[in-house]
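Worksheet for the structure shown next.
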Amino acid sequence: MHSDNFNISTYFKRINYTGPAAADTATLHALMRHQLFSVPFENLDVQAGKVVSLAPDDIADKVLTQGRGGYCYEVNGLFAMALAALGIPYRFVAARPMFYPARRPKTHMALIADVDSRQWLCDLGFGSYGIRAPMALDTLDVDITQDFDTFRLSRSAEGEYLLEAKVEGEWARQYGFDLTPQEWIDFVPANYLNSTHPDAIFVQKLVVVQHRPEGRQILLGDVLKTITANGTETRKLAEEDIRHVLKDRFALTAA
């Protein structure tokens, strides 16, 4: 994953990172956390009737220069650029979202990073119940606490991994994936579906998520949720308030 527009120093500034830059586990964890807490998950372009560009130069420009966020291909694509700049091997994997009532295609994209002789699931673009730090693929069927969230990875007899999150005290399946490497171009059809299909959540309504160390804020349509360890606060917004919330809470301007 390469972009002529990507600069590692600019990336560090965008995600407010001032720590070491090494091809090791500590840096991998630190970069994912800093990017997650700095770059929002958002679908403003889709809501404006645009097909999201997967051109690496466009992604780097959008996030690093324009101060925007993006959905899974964009934010994970940007993270892949950072890993490549640091010499951390990785692969893209296609994942099947599993929280829908009916079976869905593999429209989600995540990364597997290889560092310090271990493989790590990295994902900065799964919205409200996405992981908040890399998860080791060799740690299975174990509850992993990340801040106030709990996740676990399991593996089927066929070799597919399943990511689950504890939601309101119950385990909820998030997505399944295997380790078959995907090329960047393999995500073009799924991106088009997510940008244009009337059944896609990104087409149906505004979705913005900003993770922070103390919790996360979620704007879904005209409903703003603030989630912390103390609980969830929900507020319905008037149409004229949405632009103000985008600017004040997410540092975004509607496309």
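The label point for Leu137 and the one for Glu240, both projected 7 Å from the Cα toward the Cβ, are 5.3 nm apart.
Past 24 Å, Cα to Cα: identify those pairs from Lys13/Lys225; Lys106/Lys247; Lys50/Lys205, in the order given.
Working: Lys13/Lys225 28 Å; Lys106/Lys247 32 Å; Lys50/Lys205 14 Å.
In this structure, Lys13/Lys225; Lys106/Lys247 exceed 24 Å between Cα atoms.
Note on the range 131-204: dipole from Cβ charges, positive end direction compared against Phe187, Gly176, Ala200; the farthest Cα belongs to Ala200.
If I compute solvent accessible area with a 1.4 Å probe over the protein chains, what percent of it on the range 93-228 is carbon and sulfur?
On the way: 3130 of 6170 Å².
The C+S portion of the solvent-accessible surface of the range 93-228 is 51 percent.
Note on Arg155 and Leu220: with the Förster distance fixed at 30 Å, the Cβ-Cβ geometry gives a FRET efficiency of about 0.45.
Compared with the alpha-carbon gap, the fully stretched path from Arg91 to Asp114 is longer by 7.4 nm at 0.36 nm per residue.
A 1.4 Å probe run over the protein chains yields, for the range 118-255, 52 Å² of accessible area per residue, whole-number rounding.
Counting Lys +1, Arg +1, Asp -1, Glu -1, what net charge surrounds Phe177 among other residues with beta carbon under 14 Å of its beta carbon? Please list the in-between numbers first.
Details: positive: Arg91, Arg96, Arg104, Lys106, Arg155, Arg173; negative: Asp123, Glu158, Glu160, Glu164, Asp178, Asp186.
Once all neighbours under 14 Å are counted, the net charge is 0.
Accessible surface comparison of Arg96, Arg216, probe 1.4 Å, protein chains only, largest first: the order is Arg96, Arg216.
Build a GNM of the chain with springs between Cα atoms under 10 Å apart, and of Trp120, Trp171, Trp184 the one that fluctuates most is Trp171.
With a cut-off of 11 Å between beta carbons, the residues surrounding Ser38 carry a summed charge of +4, where Lys and Arg count +1 and Asp and Glu -1.
Computed on protein heavy atoms with a 1.4 Å probe, the accessible areas place Phe187, Phe12 in the order Phe12, Phe187, largest first.
The range 181-255 and the range 15-34 have Cα centres separated by 25 Å. Ligands, DNA and RNA are left out, and with a 1.4 angstrom probe the accessible area of the range 1-85 is 37 Å² per residue.
Every helix of 4 or more DSSP H residues in the chain counts as -39500 (n - 2.57), and over all residues that averages to -7500 deg cm²/dmol at 222 nm. Net charge of the neighbourhood of Arg212, taken over other residues with C-beta under 12 Å away and scored Lys/Arg +1, Asp/Glu -1, is +2. Placing dummy labels 7 Å off each Cα toward the beta-carbon, the span from Phe12 to Ala251 is 1.8 nm.
The values are calculated or read from the model by the stated rules, or taken from the named source; none is laboratory data. Everything numeric in this text was worked out from a predicted model, so none of it was measured. Every residue, glycine as well, gets a Cβ built from its backbone with ideal geometry; the counts of neighbours run over all protein chains shown. In case anyone asks, the SASA skips ligands and DNA or RNA and just uses the protein heavy atoms, side chains included. Shrake-Rupley method; radii C 1.70, N 1.55, O 1.52, S 1.80 Å.
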